[in-house]
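The values are calculated or read from the model by the stated rules, or taken from the named source; none is laboratory data. This one's a predicted model, so the numbers in the text were calculated from it and none came from an experiment. Reconstructed Cβ throughout: ideal geometry from the backbone, glycine too, with neighbour counts over all protein chains shown. In case anyone asks, the SASA skips ligands and DNA or RNA and just uses the protein heavy atoms, side chains included. Shrake-Rupley method; radii C 1.70, N 1.55, O 1.52, S 1.80 Å.
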Amino acid sequence: MTEIVILITCGIVVSFVAYNFFKGKSGGDNNLLSSQLADLLVRFSKVEEATKNISSTQVSIDNTFKSFEGMLNDRQERGAFSEMELEKLLKDRLPSQYLKFQHTLSNNKRVDCLIDLGEDSQKIGIDSKFVLDNFKNLRASKTDEEIKRYRKLFEDDVLNNIKKISNDYIISGETTPHAIMFIRSEAVYREISEGNLVAKGLEKNVLIVSPSLLWGLLNTLRMFLKDSEMSKKAQVVIKEIGIIGKDIGRLVERVADVENRFNQVSEQFRGIKVSADKIQSRAEKIQELESKDEITK
């Protein structure tokens with residue numbers, strides 16, 4: 001690409017010089033020509049530099065694509081890539097406390113992720129599958145015979161994965177009676193959904209989802225969790241209000257008891273005051289009698 005730009009630049013420059021030469025320009029015009037030519041060369045040098053950068057970028061893109069293509073052709077790397085995408089999607093939609101990645105179940109089977117909502121009946125396994133080999137063969141098929149053959153092999157791959165997920169990640173008393181099969185590729189999922197494979201999965205209690213379907217499912221689950229958390233908080237508030245109500249009831253009883261005791265003490269003080277008043281009255285009468293006796297003497 002750089003060589004082409006150089007040839008184009010040289011052609012334009014030569015054409016520009018020839019054009020002005022045959023027009024018989026004067027000396028002043030020749031100076032203008034030299035200035036324009038210098039400016040033109042500067043501009044094309046920038047174009048050449050930009051072209052080099054584009055070439056470098058293209059090489060980088062080609063290498064990245066080859067690396068990605070090589071990764072898709074390797075089952076182990078492909079599986080790791082699918083698991084990584086599943087993890088990113090789950091972390092983006094659900095709080096981390098509900099997610100257990102690479103969780104080992106009681107049957108010693110390790111699921112890509114266990115969505116744990118608390119109770120045993122609220123634990124659902126989700127496993128990623130990237131059934132690509134026979135899908136690629138199916139897409140590349142030319143004859144009806146090849147299409148029939150590779151479609152059957154592709155369907156067998158999907159059915160085997162459904163069976164594995166159903167057997168490994170659905171455990172009575174430990175998980176929900178359903179599990180999720182995550183298909184990383186939307187194109188592969190479309191091929192699955194065109195037949196009866198989704199229905200076959202549901203017969204085994206396995207829900208097959210693509211990234212877009214899983215995203216919608218997780219959004220719904222996220223809303224449920226928010227409502228559930230709010231409900232739990234409301235229950236805590238109601239419980240605390242109940243406890244406060246009981247405390248208030250006990251406080252009222254104790255206040256009433258104190259009031260009764262206070263009334264009793266007040267009554268006792270009133271009785272004491274009455275007795276004291278009577279004693280004082282009698283003492284005054286005695287003093288009056290003593291005073292009269294003294295006067296009589």
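Observations on the structure shown:
- Test: residue in the range 131-146 that is touching a helix residue (DSSP H, G or I) at 6+ places or on another chain (Cβ under 7 Å), part of a helix (DSSP H, G or I), among the aromatic types (Phe, Trp, Tyr) and within 20 Å of Phe81 (Cα to Cα): yes
- Criterion: surrounded by 15 or more Cβ atoms within 10 Å (Cβ to Cβ), modelled with pLDDT under 90 and of a type in the set (Lys, Arg) - qualifying residue of Lys109, Lys129, Lys100: Lys129
- Failed condition for Asp127, given (1) within 25 Å of Ser172 (Cβ to Cβ); (2) touching a residue at least 60 places away in the same chain (Cβ under 8 Å); (3) not hydroxyl-bearing (Ser, Thr, Tyr): (2)
- If you check Asp127, Asp144, Asp116 for being more than 21 Å from the chain's Cα centre (by Cα), at negative phi and among the charged types (D, E, K, R), only one passes: Asp144.
- Candidate set from the range 149-202 (those that are of a type outside the set (Lys, Arg), within 25 Å of Lys136 (Cα to Cα) and not in a helix (DSSP H, G or I)); member that is most open to solvent (accessible area, probe 1.4 Å): Asn196
- Residue, least open to solvent (accessible area, probe 1.4 Å), within the range 203-220, restricted to residues that are without any contact (Cβ under 8 Å) to a residue 40 or more places away in the chain, over 18 Å from the mean Cα position of the chain (by Cα) and on the phi < 0 side of the Ramachandran plot: Leu207
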